[in-house]
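Asker: Sharing a structure below in structure tokens format, with a few things to ask.
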Amino acid sequence: MASLASAQDELARARRIHASVIGVDSHLDTMQWVLNAGVDISRRLSTTHVDLPRLREAGVRAPFFALWVPTYYKGSEAVRRTLQLRDAVEKLLEAHPDQVALATNASEARRIAGSGKIALILTIEGGHQIADDLAVLRMYHRLGIRSMTLTHFRNNNWADSSTDQPRHGGLTAFGRQVVREMNRIGMIVDISHVSDKTFFDTLAVATRPVIASHSSCRALSDVPRNMTDEMIRAVGKNGGVVGINFGAGFLNAKDAAGLRSSIAGKAALEPQMTGEALDRFAADEYVRGYSVMKKAAATLEDAVTHIERVVKLAGIDHVGIGSDWDGISSVPAGLEDVSRTSRGRLEDAPPHRRAPGSRLQRAGRGEDSRRQLPVRAATGDRALTAWDRPPGLSLAFLHLQWIGATDVAQALSLPRRDSSRRLRSAGCFRCKWQFARLPVRLPCG
Ligand SMILES: [Zn+2]
């Protein structure tokens, strides 16, 4: 019974932490559903990975919503499409002021999330969306957009992508200007999707931390969209964050080939259209591609392994979650949608935690996962003040603490400071329900 009591203590503790922190996911593609299929994400849906009620339940109160424009939108067409997405966000904000509001800096995010609403943080996904014009970039910033992924699946005119043939050998001189301007105005530079050379060129010029908003570890799943160990270490030194992508191919080597071929297929699309015809093509392609999840070998356990690897390579402050939900076509077992990190799931403790007849036993679903997502929990305002560090891009690490255990500390060989102070007194890792929390960085005001 002692162990049941401590199990319940752990659950209570996890709930307390869950209720007190602001969860962040650095990459969600849900606005594609809103624009392309007109779905109403203020209601609980079964067709998407994410909606506002499930975000609330999951404690993901500060999600990054990507305004992604496929690379077959060229020049001003890409700008037009970006504005459609931004307009769709505005409609959402106007229709549901009780549920969601735009956050353009850390204190806004904190205030909005504190009032029980979702604090939307907007990003754009693909440097082609600025149509080679820094004025367009600055206008996006004035529209509240706070991060940009430098490329998508194809090279643009100033940066090479990880999934295209090298054309510039990394960043061009204009590409370096883009990075400098983003640093100057307070837009987070996102190096997911870029080629390895573009990555290192970016770090050489960046004066502020970068993020890899939705990339995982290449050593574990060999896709060019993932990061090498060297890149992960470099992000750590830069003070940046790697948001682990939950797409099955990003996580599990068995699913990697499928991901590589689906990226190649998407990158090859070159519809010769503009205007409404192009928009219809894009909508069809999205809805077809993301409605039905393909079978996958990946499990939640793989996501944990990736998180652990980044912890080992860069340190615990440099790993986050960038699930890519609503932008991936196969999901791991155990991480099917954002509700999988919800409070309700606390009841799904592994069987060895359940005493006969206990509430846990009645509520549990018999999962025997040895590991759950590592929980890192904010320790209150101390962490949040870090968000406000001026000027421009401030670090917004949710201060992290593992509800983990000594065996995890050993397995991870965490830095002494972490393992000694935070982890020593904990119990069995496989007995802990855990929540994922991630570091956030937001530009300040
Ligand atoms: Zn992406």
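Asker: Identify, by number, the condition in (1) away from the ligand (no atom under 16 Å from the Cβ); (2) in contact with a Phe, Trp or Tyr (Cβ under 7 Å, 6 or more places away or on another chain) that residue 105 doesn't meet.
Answerer: (2)
Asker: All but one of (1) more than 24 Å from residue 227 (Cβ to Cβ); (2) outside any strand (DSSP E or B); (3) out of contact with any His (no Cβ under 8 Å at 6 or more places or on another chain) hold for residue 119, so report the exception by its number.
Answerer: With (1) more than 24 Å from residue 227 (Cβ to Cβ); (2) outside any strand (DSSP E or B); (3) out of contact with any His (no Cβ under 8 Å at 6 or more places or on another chain) applied to residue 119, the lone miss is (2).
Asker: OK, next. Residue 174 fails exactly one of the following numbered conditions: (1) outside any loop (DSSP other than H, G, I, E, B); (2) at pLDDT 95 or above; (3) touching a Ser or Thr at 6+ places or on another chain (Cβ under 9 Å). What is the number of that condition?
Answerer: If we test residue 174 against (1) outside any loop (DSSP other than H, G, I, E, B); (2) at pLDDT 95 or above; (3) touching a Ser or Thr at 6+ places or on another chain (Cβ under 9 Å), just (3) comes out false.
Asker: A follow-up question, please. Given the options 180, 184, 138, 176, name the one that is of a type in the set (Lys, Arg), touching a Gly at 6+ places or on another chain (Cβ under 9 Å) and either over 28 Å from residue 247 (Cα atoms) or surrounded by 20 or more Cβ atoms within 10 Å (Cβ to Cβ) (or both).
Answerer: None of the other options fit; the residue is 184.
Asker: Any idea which residue in segment 25-39 is surrounded by the fewest Cβ atoms within 10 Å (Cβ to Cβ), counting only those that are in contact (Cβ under 8 Å) with a residue 40 or more places away in the chain and of a type in the set (Val, Ile, Thr)?
Answerer: 34
Asker: If you go through segment 40-50 one residue at a time, how many are more than 21 Å from residue 244 (Cβ to Cβ), in contact (Cβ under 8 Å) with a residue 40 or more places away in the chain and not hydroxyl-bearing (Ser, Thr, Tyr)?
Answerer: 1
Asker: Is it true that some residue in segment 136-154 is more than 16 Å from residue 189 (Cα to Cα), in contact (Cβ under 8 Å) with a residue 24 or more places away in the chain and within 16 Å of the ligand (Cβ to nearest atom)?
Answerer: yes
Asker: State whether one or more residues within segment 55-70 are buried (at least 21 other Cβ atoms within 10 Å of the Cβ), touching a helix residue (DSSP H, G or I) at 6+ places or on another chain (Cβ under 6 Å) and aromatic (Phe, Trp, Tyr).
Answerer: Yes.
Asker: Out of 258, 249, which single residue is crowded, with 24+ Cβ neighbours inside 10 Å and farther than 27 Å from residue 104 by Cα?
Answerer: Just a single option satisfies the conditions, and that option is 249.
Asker: Quick one: would you say residue 88 is within 16 Å of the ligand (Cβ to nearest atom) and more than 20 Å from the chain's Cα centre (by Cα)?
Answerer: Judged against the criteria, residue 88 is not a match.
Asker: Sticking with this one: Taking the stated definitions as given, is residue 183 touching a residue at least 60 places away in the same chain (Cβ under 8 Å), farther than 30 Å from residue 301 by Cβ, within 16 Å of the ligand (Cβ to nearest atom) and under 24 Å from the mean Cα position of the chain (by Cα)?
Answerer: no
Asker: Any residue in segment 296-325 that's within 18 Å of residue 235 (Cβ to Cβ): show its pairings with residues that are of a type in the set (Lys, Arg) and in a helix (DSSP H, G or I) at Cβ separation under 7 Å, as long as the two are six or more apart or on different chains.
Answerer: Listed pairs, sorted by first residue: 313/233; 314/233.
Asker: Scan 262, 221, 192, 213 and give me the residue that is within 14 Å of the ligand (Cβ to nearest atom), touching a Phe, Trp or Tyr at 6+ places or on another chain (Cβ under 7 Å) and not charged (D, E, K, R).
Answerer: 213
The values are calculated or read from the model by the stated rules, or taken from the named source; none is laboratory data. If you're wondering where the values come from, they're calculated on a predicted model, not measured in any experiment. Backbone-built Cβ (ideal geometry, glycine too); neighbour counts: all protein chains shown.
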